[in-house]
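> Handing you a structure now.
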Amino acid sequence: MTFIEQDIVLLIYFISILWCVTSYLRTQKALQWWSYGQSLRLADEAERIRNSLLQESCCMRRSIERSITEKSESFAGHEWIHSVEFLHRSLANLGDRLAPPYVEHSLPLAIEFLIESWQTKNSQLKIKTQLPKLWRDELPSQSVFVLQILDELLRILSVKNLTKYSIEISLIPLQYELNELVVKISYPDAQSLSLRSQSPELKYLRRTFRFLTSGQCFYRKRKLTETLYFRWRSLTRNS
């Protein structure tokens with residue numbers, strides 16, 4: 001091997017090492033971003049419990065104690081009913097946020113519920129869906145993560161006024177147990193497209209998805225539309 005050939009081999013070797021280190025650092029940063037975001041949401045849920053459920057339960061307890069002391073049944077009745085209904089709604093909403101409904105049995109139904117939740121918070125959202133009625137059997141942890149990815153994507157977009165965007169969400173079963181979640185985002189202008197597509201959060205989201213699912217995530221742009229493709233292979237309990 002000549003000196004030139006040796007130099008070329010060494011150069012390729014160092015470039016490969018540099019690429020691996022760079023890829024590792026980018027993945028590490030993406031996972032740190034994901035972990036930080038999940039921690040913030042858990043902290044937010046804890047704060048809601050302290051500021052809402054615990055306070056309401058304390059008020060209900062004081063009401064019960066006061067009614068017992070005053071022996072006034074008419075005073076306690078309507079307040080107790082109101083408090084119990086409030087606690088029931090709050091606990092139901094908390095359960096839906098911590099463990100989304102349907103996700104263990106049907107990813108399409110879980111996605112539909114998630115979209116309805118977003119639209120309940122903002123009726124002006126323009127989100128269309130194309131979801132199959134039947135879905136493959138796969139590990140619930142996979143479906144939960146895909147749902148979290150979609151929820152995080154909508155949260156990223158909502159920072160820049162989600163109502164300005166037109167969104168189409170499709171869930172497609174492919175061959176060889178492959179699945180694909182397609183999110184098509186139509187922006188109002190070129191500036192919005194450029195700002196959103198280059199945001200570090202979207203890059204972190206794509207890299208996190210690739211790492212945690214061993215899947216693929218890529219995007220395509222056409223005029224004022226950006227389409228994100230999240231592709232993964234179904235895993236079952238027997239895999």
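> Return the distance in nm (one decimal) between the two label points of a simple spin-label model at Arg48 and Gln119, each offset 7 Å from Cα along Cα→Cβ.
2.1 nm
> At 1.4 Å probe size, with the rest of the protein present, what percent of the exposed accessible area of region 168-239 is carbon and sulfur atoms?
Roughly 48 percent of what the probe reaches on region 168-239 is carbon or sulfur.
> Quick one: which residues, 5+ away or cross-chain, put their amide H under 5 Å from the amide H of Thr129? H built at 1.01 Å from N.
Result for Thr129 returns Ile169.
> I've got another one for you. Quick one: which of Lys128/Lys203; Lys126/Lys184; Lys29/Lys121 span more than 19 angstrom between C-alpha atoms?
The pairs that break the limit, which is 19 Å between Cα atoms, are Lys128/Lys203; Lys29/Lys121.
> Once you wrap a convex hull around the alpha carbon atoms of region 102-165, what is its projected area averaged over all directions, in nm²?
Dividing the Cα hull surface by four gives the mean projection, 4.3 nm².
> Ok, one more. To the nearest 0.05, what FRET efficiency results for Lys133 and Cys59 with a Förster distance of 45 Å applied to their C-beta separation?
After rounding, the FRET efficiency stands at 0.50.
> Any chance you could tell me what percent of the C-alpha pair distances in region 131-239 go past 17 Å?
53 percent
The values are calculated or read from the model by the stated rules, or taken from the named source; none is laboratory data. Given the structure is predicted, the values throughout are model-derived calculations rather than measurements. Counting neighbours? That spans all protein chains shown, and the Cβs are built from the backbone with ideal geometry, glycine included. For the accessible areas, the whole protein counts, side chains as well, though only heavy atoms, and no ligand, DNA or RNA atoms are used. Shrake-Rupley method; radii C 1.70, N 1.55, O 1.52, S 1.80 Å.
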